[in-house]
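Here's the structure, in structure tokens; my notes come after.
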Amino acid sequence: MQKGVSRSGRPVSYKGDVRKFRVGQGSRYLQYGDGLPYSSLEEDKPIRGLSVVPAGEGGVQISFPMDDIDWIFGLGESFGHLNRLRSAHTVWTYDSWGYNRSGRIQYTAVPFIGMHAVEGGERQWKGLFVNSGSRMTFDLGRSVYNMATIYVDEGHFDIYTFSERDPKTLIEDYTTVTGKPFRLPSWALGHQVSRWSYYPDRSVMRVIDRYAEAGMPVSAVYLDIDYMEGYRVFTVDQTRFPDMPGMVNALRERGVRVVPIIDPGVKVDQNFRVFRALLGHYMEAKNGDIFTGKVWPGTCAFPDFLDSEARGIWSHLVSEFASSGYGGIWLDMNEPAVHIEPERREEKEREMSESFHRYGGERVQHRYVHNYYAYYQAMATYEGLRKVSDEPFILTRSGFSGIQRFAAVWTGDNEASWDDLRLQFRLVLSLGLSGIPYSGCDIGGFMGDTSAELLVRYYQAATFFPFMRIHKVRDSRDHEPFNLPEPYRERVRLAIETRYKAFEYMRGVMEESVSTGLPMLRPLFLEYPGDRECYLVEDEAILGAHLLHAPIMEGGKASRDVYLPDGTWIEVGTGRELSGGRWVESHSDNPVFLRSPVQDGLKGLMGPRR
């Protein structure tokens, strides 16, 4: 076992061979407590043929041959399949509105890949992580069949390499570098509801009543931007919510937390208390003025979260705001995003890239730290919540490697479709493989109207997502499941009930994630790395090690083929006992299988044999 000591004096240990390499001056604006000394690229070649050379205008190209590599995972929520082989990806956080149509999503930046190789007849797992806040591209055998090429748009960063015995230890060691996940409050594993937007207060209460009447438990309700006064952060519209603390407390007594949204953009208004509080701590334009952009309240300034003083002020604002009893904070638009007219997009994006931050007294251009922005905002928000809550909770749209220390992630503005349903299942699995164990999607699709059958299938697919929340855009019809015709309503209720029957087991899996960094919901190959068939299945998942879920994600289907890995499996609902290592057909509406012997926390799923 490899050991080290972090900068704070904390002992750090690794299960495999983990090395850190400095390019230029190394990573200057985000450093992890990894306890690793720097190795020399000239002397150490942990990845065969690894090359690091200058490229472009001040950039660096990392490359290595892929002759022996047959499977690659990672890169967070990047579009595509779980196996990243023969694909190319840009790592640069941005508002990915309409990503189902563009085929590109990058709310989060996770420049980490895990690779399976067979060298000299031996199976090996290698990993590579690039700690840079700048724009990066990963070309994994797409342009050149047997070559991986990574371009980093700066000359100063750290590279980490990993040599491991299996994919689990690879993820464990990667999250030892970037940080283990925070502990989710138990309520955050429950069924949560949202819409852009529920208001006024009596409408919020009525929605919760309707869910209760339908037999659908709710653990949290989210407030989108319309709860604010003129969309100004850390404010409450007193007309719509005249007694916010009273509503929050009334809902908490019913077991429902309230989670309000907060954007980074602060309305530019010298009479606005929050704007004044952060003066001197905003991102700066090239000429030294405050950098501004249009967001919901109009012209906004953006806190410089790389500045420790700015983070301290933000943390205080969060503590003050959260003292009303909120269950957590929902961070949105934090790539950071601004509203840009199509004809001015290139100009405004260049302005943001050329803006500046302050870090340790140094003036730093935004282009070199862009991907770190949401990470530091989440850090400041988490510290603020910790002052008023023993169980801080943050949901974020954006982040960087290590965001799991502070927040859960949702996959942003998806558009309802069968293709999106299958995509969301893969994205949640990929985020977990990338060190972010708590994630989910907008159930039913954020955009677009959702048919009754499609909404049922979204709910079923999300039955065991670590984060389970329904959410919808403002200009859509109501699509809460209590509005569905009875047969569809009952199927949603059963999906939610299935989750709650496995609740204690899910809590145990969450605790495993806290200590190891492993995902809660896992693709089959992570539990069965020696089974080649498991690498080919990306529409099934294993919760922990003992529950296999194979949702139906195609329209018009009433059954599906399910691959069961080695072992004995029991089908929930039918009680069928099946031997693994083969494909079976399931006619269950929401196929779930339990590994025998059934764990105590899962026995509530075992009903009478049909």
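Values for this structure:
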read-out	value
Test: residue in segment 432-440 that is among the β-branched types (V, I, T) and part of a helix (DSSP H, G or I)	no
Every residue from segment 241-280 that is part of a helix (DSSP H, G or I), of a type in the set (F, W, Y) and closer than 16 Å to V207 by Cα	none
Subset of segment 220-243 (residues that are farther than 11 Å from I262 by Cβ, open to solvent by less than 10 Å² (accessible area, probe 1.4 Å) and of a type in the set (A, V, I, L, M))	A220, V221
Of residues in segment 168-187 being among the aromatic types (F, W, Y) and more than 13 Å from F112 (Cβ to Cβ), the one surrounded by the most Cβ atoms within 10 Å (Cβ to Cβ)	F182
Matching residues in segment 255-268 - criterion: being out of contact with any Cys (no Cβ under 8 Å at 6 or more places or on another chain) and open to solvent by 40 Å² or more (accessible area, probe 1.4 Å)	R257
Search result, residues across segment 198-219 that are touching a residue at least 60 places away in the same chain (Cβ under 8 Å) and open to solvent by 10 Å² or more (accessible area, probe 1.4 Å)	V207, R210, E213, A214, G215, P217
Some residue of segment 456-470 being in a loop (DSSP other than H, G, I, E, B), aliphatic (A, V, I, L, M) and open to solvent by less than 10 Å² (accessible area, probe 1.4 Å)	yes
Subset of segment 430-451 that is open to solvent by less than 10 Å² (accessible area, probe 1.4 Å) and of a type in the set (S, T, Y) - its residue that is nearest to the chain's Cα centre (by Cα)	S439
Residue match in segment 329-351 (condition: in contact with a His (Cβ under 7 Å, 6 or more places away or on another chain) and either aromatic (F, W, Y) or more than 30 Å from K387 (Cα to Cα) (or both))	no
Test: residue in segment 532-540 that is in contact with a Ser or Thr (Cβ under 9 Å, 6 or more places away or on another chain), on the phi < 0 side of the Ramachandran plot and buried (at least 21 other Cβ atoms within 10 Å of the Cβ)	no
Scope segment 404-429; condition more than 14 Å from R457 (Cα to Cα) and open to solvent by 20 Å² or more (accessible area, probe 1.4 Å); matching residues	R405, E415, R426
Set R86, R135: member being modelled with pLDDT of 95 or more, within 28 Å of S39 (Cβ to Cβ) and either crowded, with 20+ Cβ neighbours inside 10 Å or of a type in the set (D, E, K, R) (or both)	R135
Subset tally (residues that are over 18 Å from the mean Cα position of the chain (by Cα) and either part of a strand (DSSP E or B) or modelled with pLDDT under 95 (or both)) for segment 194-236	4
Output for segment 549-560, where each listed residue is in contact with a helix residue (DSSP H, G or I) (Cβ under 8 Å, 6 or more places away or on another chain) and buried (at least 18 other Cβ atoms within 10 Å of the Cβ)	P551, I552, M553
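Quick grid of which residues meet (1) in a helix (DSSP H, G or I); (2) of a type in the set (A, V, I, L, M, F, W, C); (3) at pLDDT 95 or above:
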site: V338; (1), (2), (3): no, yes, no
site: R345; (1), (2), (3): yes, no, no
site: E349; (1), (2), (3): yes, no, no
site: H357; (1), (2), (3): no, no, yes
site: Y373; (1), (2), (3): yes, no, yes
site: Y376; (1), (2), (3): yes, no, yes
site: T381; (1), (2), (3): yes, no, yes
site: L385; (1), (2), (3): yes, yes, yes
site: E391; (1), (2), (3): no, no, yes
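The values are calculated or read from the model by the stated rules, or taken from the named source; none is laboratory data. Please read all numbers here as calculations on a predicted model, not as lab measurements. Using ideal geometry, Cβ is built from the backbone for each residue, glycine included, and neighbour counts are taken over all protein chains shown. Areas reflect the complete protein model, heavy atoms only, side chains present, ligands, DNA and RNA absent. Shrake-Rupley method; radii C 1.70, N 1.55, O 1.52, S 1.80 Å.
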